[in-house]
Amino acid sequence: DLAKYHSRVINKTMEDLPLACPKERALEKMLNFSLGVEKRMLPELYASPQGELEHRAAFHKVAITKREFCSVDAKRLFAHQESWEGFLQSLNQTWEGDET
């Protein structure tokens, strides 16, 4: 798929693109919702000594470290581009410049 091509062939990742990520308040709401679901569905796990701590750590890894709730910010990606061809040329110049 395209993401594998970019990482394997071009040596770039999603983090090399402009990203649109949820605000801290939205992430907090998602975490609280997720904790509530775990508490209802897996009360023994949630009540265990490490239950909530591990859940928070896993959420942080997914949301903050891996940025899995982010998407490519298309407006910023295509800003100042007048054509698809121009966009591709600018990507090639950016990536070629990174290799030096």
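The values are calculated or read from the model by the stated rules, or taken from the named source; none is laboratory data. The shown structure was predicted, so the numbers you read here are calculated from the model rather than taken from an experiment. Quick reminder, even Gly has a Cβ in these numbers, built from the backbone with ideal geometry, and neighbours come from all protein chains shown. Heads up: the accessible areas ignore ligands, DNA and RNA and are worked out on the full protein's heavy atoms, side chains in. Shrake-Rupley method; radii C 1.70, N 1.55, O 1.52, S 1.80 Å.
Quick rundown of the values:
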quantity: Which numbered condition residue 46 fails, given (1) open to solvent by 100 Å² or more (accessible area, probe 1.4 Å); (2) part of a helix (DSSP H, G or I); (3) out of contact with any Phe, Trp or Tyr (no Cβ under 8 Å at 6 or more places or on another chain); calculated: (1)
quantity: In the stretch 67-83, the residues that are in a loop (DSSP other than H, G, I, E, B), at pLDDT 80 or above and open to solvent by 80 Å² or more (accessible area, probe 1.4 Å); calculated: 67, 68, 69
